[in-house]
Structures are given as C-alpha cells and as structure tokens.
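Colleague: Let me give you the structure first, and then I'll get to my questions.
The values are calculated or read from the model by the stated rules, or taken from the named source; none is laboratory data. All of these numbers come straight from a predicted model, not from anything done at the bench. All Cβ positions, even for glycine, are placed from backbone atoms using ideal geometry, and neighbour counts span all protein chains on display. Each accessible area value is taken on the protein alone, full model and side chains, heavy atoms only, with ligands, DNA and RNA left out. Shrake-Rupley method; radii C 1.70, N 1.55, O 1.52, S 1.80 Å.
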2 protein chains.
Amino acid sequence: MNSTESDEIKADYNFISDALVDIYDQIMRIEESEIRKSRFKDITAKELHLVHTIGLHDHKTTSEVARILRLSKGTLTANLNNLERKGYITRITNQQDRRIINLALTSKGRLLYRAHYAFHRKLVEQCLKGFDGPAIKKMKQALINVEDFIGEVSAK
Amino acid sequence: MNSTESDEIKADYNFISDALVDIYDQIMRIEESEIRKSRFKDITAKELHLVHTIGLHDHKTTSEVARILRLSKGTLTANLNNLERKGYITRITNQQDRRIINLALTSKGRLLYRAHYAFHRKLVEQCLKGFDGPAIKKMKQALINVEDFIGEVSAK
DNA sequence: TAAAATAGTTTGATTCTCAAACTATTTTAG
DNA sequence: CTAAAATAGTTTGAGAATCAAACTATTTTA
C-alpha cells in the first residue's frame, strides 16, 4: 500500500468514525418525532425502545427483559406500569410458576411495533439504495464484525 | 429479480435492520465500561459524549453546544459544572462579548477525547477488517445515504 | 414442612432534566 | 447619549427517571 492510498483510506476511516457518532443520536430523535406525529403521540423514545424489545422477545419474563435492556427490575416495573396504563403491553401471570410475569404486546402495541419496524426498514433501504447483492452481503459482514468486536470486548 | 433473490435480499435487510437496533446500545455501554477501566474513572457515557462534542467543536459557545446536543441551557450548565470540577473542560469568557462563554477541553479533557476517538477508530477498523478500497467507499456511501435520509425527514 | 431461593413490586434517596425567573452584558431605537 | 429590548448564561423549583434495598408472594430444596 503506497502512502497516498493509505492516507485516503485513513480519511475514509475518520469520515466513517465521525459519521457514526452523530447519526445514531439523530436517528433516535427522528424516530421519536415521527412516532409522535402518528397516532402514537403518548410514546417517548425510551418507551418505543421497550415496546420494540418486548415485541422482539415475545413472552419473556420481566427479569429477562430487564437484563436485556440493562435496567434494574424496579425501573422496568415503573416503565411497564406506564406502558400498561397506555394500553401497549400486558402482564400475563405464568400459570406454571405464579411468581413469573410474562410480557406481551397488546394489539395497539403490535401496531406501534410494526410502525417502528417499518421505519427502520425504510432507513435501511435508503441506506442501501442502489447496492447490489454482493454489496449488501458486505454490509452484513461489517455488522457481524461489529457484533464480534462487541462480544470480544464484553468477554474480556 | 427472481423471487429467491428477492427473499434473500429481504432477509438481509431484516438482518441489518435488527442488528442496527441493538448494536448502538451495546457500543454505548462498552464505551462507558472501557473508559471507566482507564484513568478516567469518573466519567459517565453522557459526559463522554459531551467531552466528544466540545472536542469536535472547539471554542463553541454554551448555547451552540446546547443546540447541537439538544439539551436545555440549564441542563448543559449543570453538566459543564461537573466536567469543570473534574478538570475536563474550561469556560473561557469571550473578550469581544462578555455575555458569551466559549468552551474548550483542558489537557486532561483532550487526553480523554483522544482515547475515546481511538476506541471509535478501533471499532471502525474492526468493522471494515478485510475490506478493500472500493468496499470502504461503499460503506461511506451508505452512511452518506443515511445522512441524506435524516436530512430529508428532518426538513419535512 | 420449614428454610432458602426466586420473581416482581414498593419505597426512599439520588440524579437528571426542563422551563421560567434571574443577572450581566450588549444592541437598538428614539 | 440613554432607556428599552435583546441576548447569553446561571439559578431555582418542580417533576421524571433510575437504582438499591426492603418487602410480598410463590416455588424449590433440604
């Protein structure tokens, strides 16, 4: 690799690094503002995140969801109370072990989940606009690499 | 495009969409835990973000930084008090207009900024491991597409 | 079957955030 | 010029979010 190539790649790395930092914040903000323009006006970004998690991991217990989201059980209880009151989630007492509460979305919750998921899909489609199959595979590989990196650092 | 290709691409889109959602949370968490293992044990993820912003936008005013981070001025003042007390930032009264405070990193703040930046670079390098020049350009294009999408949605 | 363990909730303290009132300074209008 | 309006940042008071620890109900274990 000659030094010109090296410098150019370095600049690309810096561009990608800088872009990543700010993009996510903006996406979070846009997600919230889009959802609040819709019929789901009473939902914050954090609640959206919780609905997403419960939708993705259907009928998990309160403790499992708390662990996934790295929230204390007390905090999750408070959040669940709000989402239950607003009609997005239900608590289902497990009949095999009545200490356990399984969490699920209501039909209103599922509507919100799908609207949110559709927004993400639209974002990804926009992101990969004009990419062919192999390019998409590359992108997938990059994300797998990040997941591996996260796994390594977490394991240390 | 035949239906098999279409289904495969759809699956890839779903994979990418799902992966993106959880990766960011994990990165934030790892960033904080890595920084707390280092000599900068007194820094939270939010403070790291603020130091990053002040480092990136040197000598901006308090109001400008508040706008960039979408924080109220009062909240930013509180955060700045903490970071000043811990020795990461300084407030510099602007001599042309003495209402204005310009924000800058101390040398300790710059050390933290560089350590954080290095972590990001390492993450990007890991992410693009084994990618050649054109593939890296594609990745850059994907991010530009996202930025455009964000711009469009924000402008609406 | 009594003790230990587990799941989730409640409680009390702490921290974070915001909007509005406030202080200090600069700009503008008369 | 100078009084009023505007602007930058801080302070204040209230409300929301979070956590750890104590607590309740239930199940498992010894």
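Colleague: Rounded, prolate or oblate for the protein assembly as shown? Axes are the square roots of the Cα gyration tensor eigenvalues, ordered a ≥ b ≥ c, and the cut-off for rounded is a/c under 1.5.
Modeller: oblate
Colleague: Which chain B residue comes nearest the axis with its C-beta when you rotate B onto A, and by how many angstrom?
Modeller: Checking which Cβ lies nearest the axis yields B:TYR24, 2.
Colleague: Return the value, in Å² to the nearest 100, of accessible area buried between chains A and B (probe 1.4 Å, both sides summed).
Modeller: 6200
Colleague: Given a Förster radius of 25 Å and the C-beta distance between B:LYS129 and A:THR44 as r, what FRET efficiency does 1/(1 + (r/R0)^6) yield to the nearest 0.05?
Modeller: Efficiency for this residue pair is about 0.10.
Colleague: Need one value for B:126-137: mean number of C-beta atoms belonging to other chains within 10 Å of its residues' C-beta atoms.
Modeller: 6
Colleague: Oh, and also: Name all residues of region A:35-79 having a backbone nitrogen under 14 Å from the label point set 7 Å from the Cα of A:ILE92 along its Cα→Cβ direction, giving them as ranges.
Modeller: Residues passing the 14 Å test: A:54-62.
Colleague: Rounded, prolate or oblate for region B:109-156? Axes are the square roots of the Cα gyration tensor eigenvalues, ordered a ≥ b ≥ c, and the cut-off for rounded is a/c under 1.5.
Modeller: oblate
Colleague: Stretched out fully, how many nm does the piece from B:LEU69 to B:ASP7 gain, at 0.36 nm a residue minus the Cα gap?
Modeller: On the way: separation 62, 0.36 × 62 = 22.32 nm, distance 3.97 nm.
Roughly 18.4 nm would be gained on extension.
Colleague: Would you mind getting the accessible area per residue of the protein assembly as shown, heavy atoms of the protein chains only, 1.4 Å probe, in Å²?
Modeller: 54
Colleague: If you don't mind, another one. Using the Cα gyration tensor of region B:22-156, with a ≥ b ≥ c the square roots of its eigenvalues, what is the shape: rounded (a/c below 1.5), prolate (a/b larger than b/c) or oblate (neither)?
Modeller: Oblate is the answer for region B:22-156, as a/c is 1.5 or above yet b/c matches or exceeds a/b.
Colleague: Please give, to one decimal in nm, the separation of the simple spin-label points placed at B:ASP58 and B:TYR24, each 7 Å out from Cα toward the Cβ.
Modeller: A separation of 2.9 nm, rounded to one decimal place.
Colleague: Rounded to whole Å and sorted largest first, list the principal axis extents of the Cα atoms in region A:1-79.
Modeller: 57, 31, 20
Colleague: Could you tell me the distance between the Cα centroids of region A:40-117 and region B:102-145, to the nearest Å?
Modeller: A separation of 34 Å, based on Cα centres.
Colleague: Further, regarding this structure: Taking Cα pairs under 8 Å and at least six residues apart, what relative contact order does chain A come out at, in percent?
Modeller: Relative contact order of chain A: 18 percent.
Colleague: When each copy gets a label point 7 Å from Cα toward the beta-carbon at B:ARG98, what are the spacings between them in nm, shortest first?
Modeller: In nanometres, ordered from closest: 7.4.
Colleague: Another question, if that's okay. Testing the spin-label approximation: label points 7 Å from Cα along Cα→Cβ at B:ALA155 and A:ALA104. State their distance in nm.
Modeller: Reported label-point gap for B:ALA155 and A:ALA104 is 4.5 nm.
Colleague: Under the convention of a label 7 Å out along Cα→Cβ, give the distances in nm from A:LYS122 to the same position in every other copy, shortest first.
Modeller: Its label point is 3.8 nm from the equivalent points in the other copies.
Colleague: If you put a point 7 Å past Cα along the Cβ direction, how far is that point for A:LEU111 from the same point in each other copy, in nm, smallest first?
Modeller: Once sorted, the set of distances for A:LEU111 reads 5.6 nm.
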